[in-house]
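Visitor: One structure follows; several queries about it will come next.
The values are calculated or read from the model by the stated rules, or taken from the named source; none is laboratory data. Just so it is clear, the structure is predicted and the values come from calculations on it, not from any experiment. Neighbour counts are summed over all protein chains in view; Cβ atoms, including those assigned to glycine, are modelled from backbone coordinates with ideal geometry.
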Protein chains: 6
Amino acid sequence: MAELTHFDEKGQAVMVDVTEKGITTREAIARGHVRMRPETLDLILEGRAKKGDVLGVARLAGIMAAKKTPDLIPLAHPLPLSSVKLDFFPDREQSLIGIQATVKVTSRTGVEMEALTAVAVAALTVYDMCKAVDREMVVSEIRLMEKSGGRSGVFKRIED
Amino acid sequence: MAELTHFDEKGQAVMVDVTEKGITTREAIARGHVRMRPETLDLILEGRAKKGDVLGVARLAGIMAAKKTPDLIPLAHPLPLSSVKLDFFPDREQSLIGIQATVKVTSRTGVEMEALTAVAVAALTVYDMCKAVDREMVVSEIRLMEKSGGRSGVFKRIED
Amino acid sequence: MAELTHFDEKGQAVMVDVTEKGITTREAIARGHVRMRPETLDLILEGRAKKGDVLGVARLAGIMAAKKTPDLIPLAHPLPLSSVKLDFFPDREQSLIGIQATVKVTSRTGVEMEALTAVAVAALTVYDMCKAVDREMVVSEIRLMEKSGGRSGVFKRIED
Amino acid sequence: MAELTHFDEKGQAVMVDVTEKGITTREAIARGHVRMRPETLDLILEGRAKKGDVLGVARLAGIMAAKKTPDLIPLAHPLPLSSVKLDFFPDREQSLIGIQATVKVTSRTGVEMEALTAVAVAALTVYDMCKAVDREMVVSEIRLMEKSGGRSGVFKRIED
Amino acid sequence: MAELTHFDEKGQAVMVDVTEKGITTREAIARGHVRMRPETLDLILEGRAKKGDVLGVARLAGIMAAKKTPDLIPLAHPLPLSSVKLDFFPDREQSLIGIQATVKVTSRTGVEMEALTAVAVAALTVYDMCKAVDREMVVSEIRLMEKSGGRSGVFKRIED
Amino acid sequence: MAELTHFDEKGQAVMVDVTEKGITTREAIARGHVRMRPETLDLILEGRAKKGDVLGVARLAGIMAAKKTPDLIPLAHPLPLSSVKLDFFPDREQSLIGIQATVKVTSRTGVEMEALTAVAVAALTVYDMCKAVDREMVVSEIRLMEKSGGRSGVFKRIED
């Protein structure tokens, strides 16, 4: 039966021992979004040009957060990230901003948590910058889309 | 018309000047959840007793993350938090774990971002600890529920 | 004779005891600049519109660095900053970008170091983002311009 | 034409992808100085023996800051530094203290920013420790002197 | 019966709510020591003058660690420390270096953990700097000596 | 004669240059304990089941502290830890809780400081969580037990 790898046989939390795992190039892609009122989305999209670049700030926050992952996620390994990239996809129809983070490393373990953390903190930063005009924004659907390079093979999330 | 307070008149990002705001006791409550397969939820709920306390680890991660908010959210103010509390609400029917964070401070500005950050990092920690058995978990619906103590009065989110 | 306040009578470094100092609103303004080739300055100024916002990134780095001052400057006090603002002044004649940081706090001690640190890190970030095209940029003339609100009265730097 | 490497083709900030770069031993040397009144310089130089070791504190601050570079410079990569060294060169004639940092790593990218950050923070620490006697000190001429080990070959700054 | 205050009625870890506690000036004094071979102690004591100031480095490490306490101790509150002081007491007879930390704050909760953390990290730093010559050093007897300023009154440890 | 490796020939602190050292798998084991009143020990041991898991919190604090070692110990190298494990050994006879940390890395330098730091912070966390009922607990006997994988060969502490 499936077991939680972050606990030892006594049920005690451990930083999983990756000493024996191979050093390979690994990549993870995560996504999420911030839902908001149409007026808030307008403000962000106009602002990009004139009044202040909400997404530019959120992008940096996400990149920096990826580097802080081992400080935030208790059992995460410190990793020498070799690439972090954030993309935003405004969607007027659904009145949301989609966020995607792509993280790479050449190391003994993967960067799913780094990609997910980058998305979460970028989304929270969008909230922070717009909360004075829209307290009801929702950060949602943060999930792993793809992962490759590790022993467990390639993972691709299937969505319809 | 509504304006984004985190930019000055030239559209430049600033840490909002709160020097003139009053020192009051402020509280914020945020919520979110992690959706997962029923088997993953079982594993977490059993594990609490025997195999490793996923929610205990996530709770600590959330509390510590609340303290790191000004490091993560670029324009957030550093604040001397006076209380941080995390609660988890497993829901077998919807196959998810609800997370609620309550944060208090006596200060010139509020703690919405601290509460939201605590929920997000607790949720990501649940993901981290269970990802070996369920890569498809989704962190979702992170939102502000209540906020009080500031000049803008009491906010209560209305949900149906 | 003048004494260095950060050492005790035995010459040992101490975090100066400010317990008895009054809580007042304090402000500090610091400045500095990054000298560069005219072509580099052009690239930054054009880029602002089209190719990437060097100064937007540097501004955020400066604001976030102000919050990290007590982690960087060994004997600095942790302070609940109430405002941080960064301004950039491109100067084509001298081929440099001037940087000014304004920091406020209501506390027992001042924020000179926070303002100076914000300028230094914003300047280093400009260097980082342009170093591929101009390794010879120089970060220079980081200095305190004004300081007010403390027991030692108002300081204004006189320059000609 | 020259391009800023820290932005992608849409002008969005990215942590540059170094996955494909070779792992080599890299070294960077940076310099800067703190100008001050002759009396302040005297106080520091005497203090070294008797009243408190300003340069000893600044040296440690610089070494520790080199390790914090990826937290400070938004798009810098986290790197496993293998050596950090700070040297001070008091100059009574020009009434300043010169600072030099030498940083090494065996990695996919260089350590210019680490060396420059070490110099800047060491200089700011000198300012902090002496500001009670000389508010007008100036941190200046922070620049890269040498860099080697990367694909772009050896760089040596030419000064006269 | 005595209860552990860091858990709520369900046994869940919380950052204790201090919102209602009074703001008072609080002080804590902690002590500990590093036992070592007599030759190691000699090396440290000579070094102070000539070969490198182990205790100067350890003092700074202790002061900086006091500021990092809320990052290290999961349920500790972030506090605006107003004073941190480290003293060392070499004892040739017992072949050890005693360490004492005194920390002050004006706040809603005390600074015992800050004083204890400062002693522990100063002691570990002594170990780090001397481990090449004496791996068998022992960090020991880290304890609270005094505490005052809080609702629970004055505490003074009685030792014989 | 023995020399302190963390100082150069002028007695200046340096981060030791490990560039030329080989990359090998290294392991360190450290131990320490927290002495307390029998009633406090009872409270912790009962609590594990019912009232709050002191040792679970301390375990996480220790694991996270191992990752923060280069931030705490001024001259420590940043290292990509591959495993951190904490074990607790309650001892009713001596009325103490023993703590052991095991840390691994594949790198140019060892992880003694990481293991010792994990033990110290786990011990301080036990103190923090129980201090309301027993201020007189003592953190003691933090020491290196074993070390292997480096050029200096295997070290095993001999105790009787």
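Visitor: With the condition kept exactly as written, say whether any residue in the range B:28-37 is surrounded by 23 or more Cβ atoms within 10 Å (Cβ to Cβ), outside any strand (DSSP E or B) and among the basic types (Lys, Arg).
Guide: Within the range B:28-37, none of the residues are surrounded by 23 or more Cβ atoms within 10 Å (Cβ to Cβ), outside any strand (DSSP E or B) and among the basic types (Lys, Arg).
Visitor: Name, by its number, the condition in (1) facing chain D (nearest Cβ under 8 Å); (2) more than 22 Å from C:Ile142 (Cβ to Cβ); (3) within 23 Å of the chain's Cα centre (by Cα) that does not hold for C:Met15.
Guide: Looking at each condition in turn, C:Met15 falls short on (1).
Visitor: Against the conditions (1) surrounded by 23 or more Cβ atoms within 10 Å (Cβ to Cβ); (2) more than 7 Å from every other protein chain (Cβ to nearest Cβ); (3) within 17 Å of the chain's Cα centre (by Cα), where does E:Gly98 fall short? Just the number, please.
Guide: With (1) surrounded by 23 or more Cβ atoms within 10 Å (Cβ to Cβ); (2) more than 7 Å from every other protein chain (Cβ to nearest Cβ); (3) within 17 Å of the chain's Cα centre (by Cα) applied to E:Gly98, the lone miss is (1).
Visitor: While we're looking at this one, here's another question. Quick check on the range B:113-150: of everything there that is more than 7 Å from chain A (Cβ to nearest Cβ) and under 14 Å from A:Arg135 (Cβ atoms), which residue is surrounded by the most Cβ atoms within 10 Å (Cβ to Cβ)?
Guide: B:Ala115
Visitor: Can you pull out the residues in the range C:74-87 that are surrounded by 24 or more Cβ atoms within 10 Å (Cβ to Cβ), over 19 Å from E:Val105 (Cα atoms) and in contact with a helix residue (DSSP H, G or I) (Cβ under 9 Å, 6 or more places away or on another chain)?
Guide: C:Val84, C:Leu86
Visitor: I would also like to ask the following. Would you call D:Phe7 among the aromatic types (Phe, Trp, Tyr) and within 12 Å of chain C (Cβ to nearest Cβ)?
Guide: In short, yes.
Visitor: Which residue pairs have Cβ atoms under 8 Å apart, sit 6 or more places apart or on different chains, and have a first residue in the range F:22-34 that is within 11 Å of chain A (Cβ to nearest Cβ) and on the phi > 0 side of the Ramachandran plot and a second that is modelled with pLDDT of 95 or more and in a strand (DSSP E or B)?
Guide: Every condition considered, no pair remains.
Visitor: Evaluate the following for A:Glu39: is it charged (D, E, K, R), more than 25 Å from D:Pro80 (Cβ to Cβ), within 9 Å of chain B (Cβ to nearest Cβ) and free of Cβ contacts under 8 Å to residues at least 24 places away in the same chain?
Guide: no
Visitor: I've got another one for you. Give the number of residues within the range B:105-160 that are of a type outside the set (Gly, Ala, Ser), under 13 Å from the mean Cα position of the chain (by Cα) and in a strand (DSSP E or B).
Guide: Selection size over the range B:105-160: 8.
Visitor: Looking only at residues that are at pLDDT below 90 and of a type in the set (A, V, I, L, M) in the range D:1-58, which one is farthest from D:Phe155 (Cα to Cα)?
Guide: For the range D:1-58, the residue satisfying everything is D:Ala49.
Visitor: Still on this model: Do you know which of the residues in the range F:3-27 that are of a type in the set (A, V, I, L, M, F, W, C) and within 13 Å of F:Thr109 (Cα to Cα) is surrounded by the fewest Cβ atoms within 10 Å (Cβ to Cβ)?
Guide: That would be F:Ile23.
Visitor: Please name all residue pairs, on different chains or six or more residues apart, with Cβ atoms under 7 Å, provided the first residue is in the range B:51-80 and is facing another protein chain (nearest Cβ under 7 Å) and the second residue is of a type in the set (Asp, Glu) and assigned to a loop (DSSP other than H, G, I, E, B).
Guide: These pairs meet every condition: B:Asp53/F:Asp53; B:Gly56/F:Asp53.
Visitor: Has the range F:103-112 got any residue that is among the charged types (D, E, K, R), more than 13 Å from chain A (Cβ to nearest Cβ) and crowded, with 23+ Cβ neighbours inside 10 Å?
Guide: The answer is yes; a qualifying residue exists.
Visitor: Considering only the range F:38-89, state which residues are in contact with a strand residue (DSSP E or B) (Cβ under 9 Å, 6 or more places away or on another chain), hydrophobic (A, V, I, L, M, F, W, C) and outside any helix (DSSP H, G or I).
Guide: Scanning the range F:38-89 gives F:Leu75, F:Ala76, F:Leu79, F:Leu81, F:Val84, F:Leu86, F:Phe88, F:Phe89.
Visitor: Please work out which one of (1) farther than 24 Å from B:Glu114 by Cα; (2) at pLDDT 95 or above is the condition B:Met64 fails and give its number.
Guide: Failed condition: (1).
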